[in-house]
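These notes are about the structure you will find just below.
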Amino acid sequence: MTTKKSPTTPHRLLYSRAETAELLGVPVRLLKRWQLAGKLRATKPGGVKGQVFFTRAEIERFLKDFTS
């Protein structure tokens with residue numbers, strides 16, 4: 001897994017599944033498997049059917065856990 005960009009940009013709070021996969025350097029399908037397995041928690045904002053987002057804090061937590 002290669003991190004392509006830093007998720008610490010201060011003005012971004014939520015990242016789409018595709019953006020998160022790009023940040024983590026993995027395919028979207030793998031990210032979805034991690035999400036469904038509970039390894040990476042997604043946020044589902046109200047009114048946005050079928051879309052999930054990941055918080056910067058969750059991405060950072062996942063990276064810390066994954067690299068430990």
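Before moving on, here are some points about what is shown:
- Taken over segment 47-68, the criterion of being without any contact (Cβ under 8 Å) to a residue 40 or more places away in the chain and over 16 Å from residue 13 (Cα atoms) is satisfied by 47, 48, 49, 50, 64, 65, 67, 68.
- Residue 47 being at positive phi, exposed (fewer than 12 other Cβ atoms within 10 Å of the Cβ) and modelled with pLDDT of 85 or more: no
- Residue 20 meets all of the listed conditions (1) modelled with pLDDT under 90; (2) touching a helix residue (DSSP H, G or I) at 6+ places or on another chain (Cβ under 8 Å); (3) of a type in the set (S, T, N, Q) but one, namely (1).
The values are calculated or read from the model by the stated rules, or taken from the named source; none is laboratory data. Since this is a predicted model, take the numbers as computed values, not measurements. Cβ: placed from backbone, ideal geometry, glycine included. Neighbour counts: every protein chain shown.
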